[in-house]
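A.B. asks: Just dropping this structure here.
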Amino acid sequence: MACAAGSSAGSVSAPEGTRAGLQSAGLLALALRTWLRYVVPLTALAAIVMCAVAYVARAVPPPADLVHARVAINVGWGIAGTAWLFQLVLVAAAAPLVASIARDTPLSQLQAIVAGARGLGRGLVPCGVAIAAIALGGVALVVPGVLLLGLLALTGASDRLGDPLPAALADSIAVVRAHVREVALVVAIIVVADLAIALVAHLAILPALPRTKPPLALLAPARTFVRVVAAAVIAGSAVPACVLAAIYQRANASATSRASRA
């Protein structure tokens, strides 16, 4: 009898696990299809959103001594560590493009740029408020900041960006609460991936800096490191933005389907 119960529980949990796996695969497929189709518009929009990152990377001078080299290296790591701020804003540009693919009504490249720019304009204030809330939560205590990062990660993808505040933020919180594990995993991967860019660039480009005064030739790669990190982050930011937008799109579609069945 116990065996039968165990067998029954296994038969129930297996389809649930399979369904979750298929949903995750569907999200990734939707995000990748959107990115591959609109890689040029999305990269251009990412460059606009992250123009401050490009400016900072370009403004870093060739290090004249060991202190300036270490400052440049810290700037590179800082760019990687704060890239998620810009990626949350970029979700607003990616959302209409993801929606067009999900609804099987794809846009032209020009239409994609226009739709992305329009979404970016609508999402700028709500996303800015969300980022400010996350930053304040992080300054007060680390844990509230992390929780707010997860809860407000889908603000840019909200269909309520045009409504008065805090409609888009509340919408993001409602969707995240229904898909906590998915969003938490994706946000964690985004942060780790951004830092991994800096780590790979650090290991590939930077030599070990001696404690004594090194030659200038040994310090020059520090500026290259900053620029490579900035370029890689800008080029790759559309992918996490599309994944977050895909989570919201699928969650919205599921809610609509359940409501219609009811």
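Taken together, the values in this text are just the output of simple stated rules run on the coordinates, not laboratory data. All figures in this text were calculated on a predicted structure; none of them were measured in a lab. Counting neighbours? That spans all protein chains shown, and the Cβs are built from the backbone with ideal geometry, glycine included.
A.B. asks: Tell me whether segment 46-184 comes out rounded, prolate or oblate; compute the Cα gyration tensor, take square roots of the eigenvalues as a ≥ b ≥ c, and use a/c under 1.5 as the rounded threshold.
C.D. replies: Judged from the Cα gyration tensor, segment 46-184 comes out oblate (a/c at least 1.5, b/c at or above a/b).
A.B. asks: Suppose R0 equals 35 Å. What FRET efficiency, 1/(1 + (r/R0)^6) with r the Cβ-Cβ distance, do LEU36 and ALA64 give to the nearest 0.05?
C.D. replies: 0.20
A.B. asks: Any idea how far the Cα center of segment 111-146 sits from the one of segment 43-110, in Å?
C.D. replies: What the calculation gives is 14 Å, centre to centre.
A.B. asks: Averaging sequence separations of C-alpha pairs under 8 Å and six or more residues apart, then dividing by the length of the chain, give the relative contact order as a whole percent.
C.D. replies: After rounding, I find 33 percent.
A.B. asks: Follow-up. Relative contact order for segment 134-230: what is it in percent, counting Cα pairs under 8 Å that are at least 6 residues apart?
C.D. replies: 17 percent
A.B. asks: Step through the residues of segment 192-204 one at a time and calculate ³J(HN,Hα) from phi using the Karplus curve (6.51 cos²θ - 1.76 cosθ + 1.60, θ = phi - 60°), rounding each to whole Hz and writing x for Gly and Pro.
C.D. replies: Each residue's phi maps through the Karplus curve to give 5, 5, 4, 5, 5, 4, 5, 5, 4, 5, 4, 5, 7 Hz.
A.B. asks: Between LEU110 and ALA231, what is the FRET efficiency for a Förster distance of 22 Å, r being their Cβ-Cβ separation, to the nearest 0.05?
C.D. replies: 0.30
A.B. asks: Here's something else I'd like to know. Between helix 221-236 and the chain, what is the angle of the helix's C-alpha long axis to the longest principal axis, kept within 0 to 90° and rounded to the nearest 10?
C.D. replies: 20 degrees
A.B. asks: How would segment 61-110 be classified by its alpha-carbon gyration tensor: rounded, prolate or oblate, with rounded meaning a/c under 1.5 and the a/b versus b/c comparison settling the rest?
C.D. replies: Judged from the Cα gyration tensor, segment 61-110 comes out prolate (a/c at least 1.5, a/b above b/c).
A.B. asks: Ranked highest first by the average count of other Cβ atoms within 10 Å around their residues, in what order do 230-238, 141-149, 243-251 fall?
C.D. replies: With the highest mean Cβ count within 10 Å placed first, the list reads 243-251, 230-238, 141-149.
A.B. asks: Rounded to the nearest 500, what is the 222 nm mean residue ellipticity of the chain from helices alone, with -39500 (n - 2.57) per DSSP H run of 4+ residues and division by all residues?
C.D. replies: Rounded to the nearest 500, the figure is -28500 deg cm²/dmol.
A.B. asks: In nm, to one decimal, how far is the modelled label at ALA117 from the one at ILE189, with both set 7 Å along Cα→Cβ?
C.D. replies: In this crude label model, ALA117 to ILE189 measures out at 3.2 nm.
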